[in-house]
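Before any comments, here is the structure.
Throughout, read-outs are computed from the coordinates displayed, never taken from laboratory work. Keep in mind that this is a model prediction, so the values were computed, not measured. Cβ placement follows ideal geometry from the backbone for every residue including glycine, while neighbour counts extend to all protein chains displayed.
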Amino acid sequence: WTAHSPSSDSHHDLGTAVTSMGEVRLEGRWQVSRLTKIDTGMGSVTIDVSQAEFDAWDVEIVVHTHMGAITVIVPRGLEVRPVGRSGPVNASLEPPIPGFPVVRLSATCDMGTIRVMHPTEKRQRRRRWRRRRGKTTPRP
């Protein structure tokens with residue numbers, strides 16, 4: 001992680017993304033400002049800060065969706081402090097490491113799910129067994 005010291009020519013202190021319908025994905029190398037706000041009407045929001053650069057060691061991310069899912073992916077050691085939320089949050093994080101950046105997360109979802117996880121959990125998916133269509137004749 002990289003945290004930039006504040007200066008007159010640094011990035012803006014506010015990052016905002018708003019959409020009425022659709023998907024918001026912040027992944028890869030991107031800049032997390034001191035306050036990042038994301039609002040979506042219907043759709044999913046994925047915020048992956050694994051490779052992100054932070055404007056400060058203590059940032060706030062405010063996410064709201066009316067209908068959809070919010071997924072926040074954080075690397076091991078990063079501290080996530082919930083500062084406001086409505087609805088259950090499914091979080092399975094390891095304890096934070098002192099000296100690592102802090103993300104204050106305010107996630108609200110009127111109808112949907114809120115999940116906070118580490119990157120390796122993202123790839124774990126349930127296998128769905130499909131029944132083969134067609135004839136089920138044994139091979140000779």
Per the rule of 0.36 nm per residue minus the C-alpha distance, extending GLU53 to THR108 adds in nm 17.4 nm
Distance in nm between label sites at ALA17 and VAL83, each 7 Å beyond Cα in the beta-carbon direction? 1.9 nm
